[in-house]
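Chemist: Submitted below is the structure of interest, expressed as structure tokens.
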Amino acid sequence: MDKFIEIKTVDDYKKTIQNKSILLFTANWCPDCMFIKPFIGEIVEQYQDYIFYSVNRDEMLELCQELDILGIPSFVAFDQGKEIGRFVSKLRKTKEEIIDFIDSLS
């Protein structure tokens, strides 16, 4: 997830969501998170209107609970401090599903 800026604190999160941003909730041990790794960089390149961030679920568990992020990988989009969309589930996400989610934000 080289093209993602990592959110490490709640203050980082609060600043981040003021931007047109997409947060990826993930964990190092998660096989479904590793499944998206080969193609997620292409998606980031394709959608330069957004800033992409990663949130390690294990390190930011309270934030994930507050946002009702129970499954990973999951995506939540924000603009000007407001949530504009979410793709949250415990299921593996395909490249096409992630692209469809981002396209639905417009």
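Chemist: Using a probe of 1.4 angstrom, how much of the accessible area of the chain is carbon and sulfur, in percent? Could you put the intermediate results ahead of the total?
Modeler: Working: 2880 of 5980 Å².
It is 48 percent, rounded to a whole number.
Chemist: Which values, in whole Å and largest first, are the semi-axes of the equivalent ellipsoid of the stretch 43-99 obtained as the square root of 5 times each eigenvalue of the Cα gyration tensor? Mind dumping the intermediate values first?
Modeler: On the way: eigenvalues 72, 46, 22 Å².
Rounded to whole Å, the semi-axes are 19, 15, 11.
Chemist: With only Lys, Arg, Asp and Glu charged, each at its Cβ (+1 for the first two, -1 for the last two), find how big the charge dipole of the chain is about the Cα centre; round to the nearest 20 debye. Walk me through the intermediate numbers first.
Modeler: On the way: 13 positive and 19 negative charges, 14 e Å.
Dipole magnitude for the chain comes out near 60 debye.
Chemist: Sticking with this structure for a sec: Could you give each residue of the stretch 48-63 its phi-based ³J(HN,Hα) in whole Hz, using Karplus coefficients 6.51, -1.76, 1.60 with θ = phi - 60°, and x for Gly or Pro?
Modeler: These are the phi-based 3J(HN,Hα) values: 7, 6, 10, 9, 9, 10, 10, 10, 6, 4, 6, 7, 10, 4, 5, 5 Hz.
Chemist: Here's another thing I want to ask about it. Any chance you could run the full-extension gain for Arg92 through Asn28? It's 0.36 nm times the residue separation minus the Cα-Cα distance, nm to one decimal. Don't skip to the end; give the middle numbers.
Modeler: Details: separation 64, 0.36 × 64 = 23.04 nm, distance 1.48 nm.
Full extension of this stretch gives 21.6 nm more.
Chemist: Where Lys and Arg each count +1 and Asp and Glu each count -1, what net charge lies around Cys33 among other residues with Cβ under 13 Å from its Cβ?
Modeler: Details: positive: Lys37, Arg57, Lys90, Arg92, Lys93; negative: Asp32, Asp58.
After counting each charged neighbour, the total is +3.
Chemist: Counting each DSSP H run of 4 or more residues in the chain as -39500 (n - 2.57), what helix-only mean residue ellipticity at 222 nm follows after dividing by all residues, to the nearest 500 deg cm²/dmol? Show your work: numbers first, answer last.
Modeler: Details: 4 runs with 39 residues, N = 106.
Per the formula, -10500 deg cm²/dmol.
Chemist: Please calculate the 1.4 Å probe accessible area of Val88, with all protein chains present, and give it to the nearest 10 Å².
Modeler: Its heavy atoms expose roughly 50 Å² to the probe.
Chemist: For Ile17, which sequence-distant residues (separation of 5 or more, or a different chain) have an amide H within less than 5 Å of its own amide H, given hydrogens modelled in the peptide plane?
Modeler: Long-range HN contacts for Ile17: none found.
Chemist: Which three extents, in angstrom, do the Cα atoms of the stretch 1-48 have along their principal axes, listed largest first?
Modeler: Over the stretch 1-48, Cα extents along the principal axes are 29, 26, 13 Å.
Chemist: Can I ask one more? Return the long-range amide H neighbours of Gly71 (sequence gap of 5 or more, or a different chain), with a cut-off of under 5 Å between placed amide H atoms.
Modeler: When sequence neighbours closer than 5 places are left aside, the close amide H contacts are Ser89.
Chemist: Over the Cα atoms, compute the radius of gyration (one decimal) and Dmax (the largest Cα-Cα distance, rounded to a whole number) for the chain, in Å.
Modeler: Calculated on Cα positions, Rg and Dmax stand at 12.4, 32 Å.
The values are calculated or read from the model by the stated rules, or taken from the named source; none is laboratory data. Owing to the predicted nature of the structure, the values given are computational and were not obtained by experimental measurement. Counting neighbours? That spans all protein chains shown, and the Cβs are built from the backbone with ideal geometry, glycine included. To get the accessible areas, we keep the full protein, side chains included, count just its heavy atoms, and leave off ligands, DNA and RNA. Shrake-Rupley method; radii C 1.70, N 1.55, O 1.52, S 1.80 Å.
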